[in-house]
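First comes the structure, then the notes that go with it.
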Amino acid sequence: MVLTKQYDRHAPEKVFGIIGSGNASNIALLPAANKSTSRRIFVPACENVLLWDLKTHAQIHTFVDETASSSTLKKKIREEAIVVAASPNGKHLAVGYQNGMIKLFTVTQNDNTVNFHGHKSSITTLTFTHDSATLISGSKDTDIIAWDLITEAGLYRLRGHKAPVTKVLIMKNQPILISSSRDMTIKFWDMSIQHCFHTIVTHRTEVWSIALAYDRYLITGCSDNELRFFALRSTIADEDDALMFPPMTDEITNEDQVPIHVQSLGSIVRKSKQRVSNLHVDQDDRILACHGVEYFGEFFRISTIDEIRTRLRKRLSKARKRKENGDEKNDEAIKIDWDLSLVFTSLCEIKFDGKVRALDMFMETQMTCKIVALTLSNKLDLHLLNIQDKTVEQLPSIEKLAHRTEVRCLAFSSDDMLIASGSGESLKIWNRNSCESIRTIPCTYALCCMFLPGDHLVLIGCKNGSLQIASLDSASIVETVQGHEENQSVWTMCMTPDKQSFLTGGSDKKIQFWNLELKDERESQSKKTRKRLSFEHKRSFDVGEDVLALKISPNNRYFVAALMDTTVKVFFMDSCQMFLSLYGHSQPVLCLDISFDSRLVITGSSDRNIKIWGLDFGDCHRSLFAHDDTITAVQFVPKTHLFFSTGKDNKLKYWDADKFLHIQTLDGHCGEIRCMSITNNGMHIATAAHDRSIRLWERTEEPLILDEEKEQEREAQFENEMENDEFILPGETNKEIGLAALKTIESLKGAESVIEALDIWREEKLKLAEHDATEKALGKEVPLPPPHIMLQALGNGYTAERFVLESLRKISASDLEAALLLLPFDYVQKLLTLLVYYLDRFQSPELCVKCAVFLIKIHHGVLTSSHQYLNIVEQLRTRCMETVETLRNNVGFNYAGLKLIRRQIEEQNDVILFADATQKLSSAEGKKRKKNKGSAAILTIKGTSALA
């Protein structure tokens, strides 16, 4: 038997260097128990969600999808988190992903409780109902789905929009859902009957966002520079409506059979010319924020009912004075026109440090509002807005743990404990174990970097052609030398094996040779001199083309340079004479590396191929089509012929250069991978990408078998390419509402397991019937036939009925309906028969009733059209009613018992439990408020509004 070569599996270890994702649609504040507690905010960061403390600027939790990160057996592709929403009770976090999946996390326990599969494309909006029992989601697939968090299943799907849904809101006082879409419409849905009762069609451009204030005003933002306002008038008259709204020409009656009436109030012109990205109103309905993908946001103040009453009183007194002075005719009655400035007034503009991607805010005191903005520069900007003075105070931002721009270079120290990362504004030093930033050194735009001997200094190659030395001790740039021509980028640098000199290459078409040396440096305070490592120019070598990559062979005989003319040239180290020219790439080579024994050269190009060359004769051993986009980095694992490659297709791949095999693909980044570095022992790999994240990958002790890995990749590809089709039900005529369930791989597996269990049950039933017939024919006892092999494996006494029930229990609640829809009708008959059996014995009554009701509803036409099914339907009807009645009695008995226990505790302790005390206090405050409202003067508005 031929032994195959065994490889070690690599797995993701840590993600760091990111504060918030640039593709995030929103950020969400965690509801606070009281005003004094420190506020926390959820921010999407690639596939994770980070919880930041706004007071300490510390990262509290990371919400990770464990099914995709910890499982190495399943080849799950990580999807980027786009939308987050926190439940009003602060217990749950909903995360919407780019593939249309929704995950629900428990905030306190930091674990993933349930997954919802219902959308075909990226989630665009999420919102909870005010009782935290239902989640509403909108997607680019134009559908809106309601999810029940108690039963962990979909309730219904709302269809009606013709373009991606941009935002969904729910009114507090009525079960009304408001949705906006890029089809230029806003729809109002009655959630109790799942029906669209009104559509606003007056917009002429795409509606990108909406906001709701006091449940009375709807604000819409479009692609133009106007904010439009609509009044939402309830059919139930309120005494405040006379102040909050302009008078209507048509009187509202209950005969219209709609819960609310929509009235246009007018518009406000924004200062920005770009489209609205998001509209946001704080929880106290005091501030309206509006921003696009730009550097500033506009803020408006929302007046309270008392402020509106005061303004109207002032207008009334001014009108009376004008009449007394004779400015107006005495015959006319005093008229006060209602306009939008009574409610919405412009506060200020706030300029942020980067383009705003998402924004949230909360009232810290009665007159101050704290604003949190996630910018594209990978930071959280904090501002304090004073409503009364209209002043803005900039607070310290959350930015320490990340680069402002994308990372362009990475390097490990000689002991593999430090990581240097360079970007457009700074060089950061990270501790590999804790992944925390220990040094931040401002520098010019860094394109390449490496640790100098001793690990106290880092050499940086800059975009302007300079070379800088950064000191870790002083956290500053200690020396800057113009190594290449001015404004000519230094693309690459490499150290000689003896650590005595290094080479640099850039776009000035020259390779520079430098020697490391010790220089005297005078200390500023003590005026003493000390030795410091520096470098001195040795010679220059003109190659005629831009140098994109450069490596020195470990035996110090050759150096290899990748040039802009798509060739790779090998030169002698001592004489700089050309030894070989490696020609074969169709586009420029961007990266290369040499093996530890100086035998192999690997080159990666923007033509998406990796070529493996022999350094002795310059022959091409193999050309591999490695990535789906430009290859950005290749590097050998030290002391092996195994190597890693990264590309702009977001993938890190593992290869064998001797056997020309692709070993493993590591997915994780949500953007183009820019650079890579491997430790000296080959145990860790660091990669940095356009998504601003730096990822660590580690080599595990788990063996990797190539055939199994390829099989898993094929299965993962099948799962990801499987179309998530909606179910088409026979006889369905209502196109506005549909089932929330979607056919997924999980529901398909669940249906297959139920079918297999029903086949085993049918087989066991036939065996027992045959056994009974044999006993009856022979007139004596015959030993029972052996049970099915699956039942034997599960243990003695494991019946086929129990096996079917366990198969149903293993299906998650969110996939149960989809799995039942996939069952053929002959299996539905068998399952209905078994459900009667389970209900008779009160086994999993909730699950059985749910399955029975759903199957009868779906197959109602077939079941009621034939007499052979009427008996089983009647049995299920009676059993379900009896089971529900029993469950109701149990709940009622338990509830009464708990009330009795509470009464006994109150009598013993002579106290009132907190819930009742809070309820009594709130009712007393409500009565007091009503009394004050009744005693206040009520102003009436005469005349018609110009905006009505």
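Here, each number is a calculation from the coordinates, and none is a lab measurement. None of these values were measured; they are calculated from a predicted model. So basically every Cβ, Gly included, is an ideal-geometry build from the backbone, and we count neighbours across all protein chains shown.
The rule of thumb for compact globular proteins, 2.2 N^0.38 Å, goes into the C-alpha radius of gyration of the stretch 737-888 1.15 times. Simple spin-label estimate for Arg622 and Thr833 gives 5.7 nm between the two label positions (7 Å along the Cα-to-Cβ direction from each Cα). Computed from the C-beta positions of Val873 and Ile789, the FRET efficiency with R₀ = 51 Å rounds to 0.90. Computed on the stretch 448-606, the Cα convex hull volume stands at 115 Å³ per residue.
When you restrict to C-alpha pairs under 8 Å that are six or more residues apart and normalise by the size of the chain, the relative contact order lands at 9 percent.
Taken over the chain, the alpha-carbon convex hull comes to 269 cubic angstrom per residue. Each peptide in 359-369, 486-496, 619-629, 174-184 was scored by the mean count of other Cβ atoms within 10 Å over its residues; highest first, the order is 174-184, 486-496, 359-369, 619-629.
The stretch 541-590 and the stretch 150-193 have Cα centres spaced 61 Å apart. Note that the stretch 388-394 has calculated 3J(HN,Hα) couplings of 6, 8, 6, 9, 10, 10, 7 Hz, one per residue in order, obtained from phi through the Karplus relation 6.51 cos²θ - 1.76 cosθ + 1.60 (θ = phi - 60°); glycine and proline are x. For the stretch 683-700, the Karplus equation 6.51 cos²θ - 1.76 cosθ + 1.60, evaluated at θ = phi - 60°, returns couplings of 7, 9, 10, 10, 9, 10, 9, 5, 6, 6, 8, 10, 10, 9, 10, 10, 8, 9 Hz by residue, with Gly and Pro reported as x.
Peptides 842-853, 276-287 ordered by packing proxy, namely the average of other Cβ atoms within 10 Å per residue, highest first: 276-287, 842-853. Once backbone amide H atoms are built at 1.01 Å from N, Ala633 has Thr646 as its partners under 5 Å, excluding neighbours fewer than 5 places away on the same chain. Put in order of Cβ neighbour count within 10 Å, fewest first, the listed residues Glu479, Glu324 become Glu324, Glu479.
Fully extending the segment from Met367 to Leu704 would add 115.2 nm, taking 0.36 nm per residue of separation and subtracting the current Cα-Cα distance. Sorting the segments 781-788, 135-142 by their residues' average number of neighbouring beta-carbon atoms within 10 angstrom, most packed first, yields 135-142, 781-788.
Annotation: amide H-H contacts under 5 Å for Leu582 (H modelled 1.01 Å from N, sequence separation of 5 or more, or interchain): Val568, Lys569, Val570.
Neighbours of Thr129, meaning other residues whose beta-carbon lies under 13 angstrom from its beta-carbon, give a summed charge of -1 when Lys and Arg score +1 and Asp and Glu score -1. In sequence order, the stretch 183-194 has phi-based couplings of 8, 6, 10, 10, 10, 10, 10, 8, 5, 6, 10, 6 Hz under the Karplus curve 6.51 cos²θ - 1.76 cosθ + 1.60, θ = phi - 60°, and Gly or Pro positions carry x. Applying 0.36 nm per residue to the separation of Thr864 and Glu436 and subtracting their alpha-carbon distance, the gain on full extension is 147.4 nm. Fully extending the segment from Lys765 to Arg522 would add 78.0 nm, taking 0.36 nm per residue of separation and subtracting the current Cα-Cα distance.
For Cys348, the residues whose amide H sits under 5 Å from its own are Phe299, ignoring neighbours fewer than 5 places away on the same chain, with H placed 1.01 Å from N.
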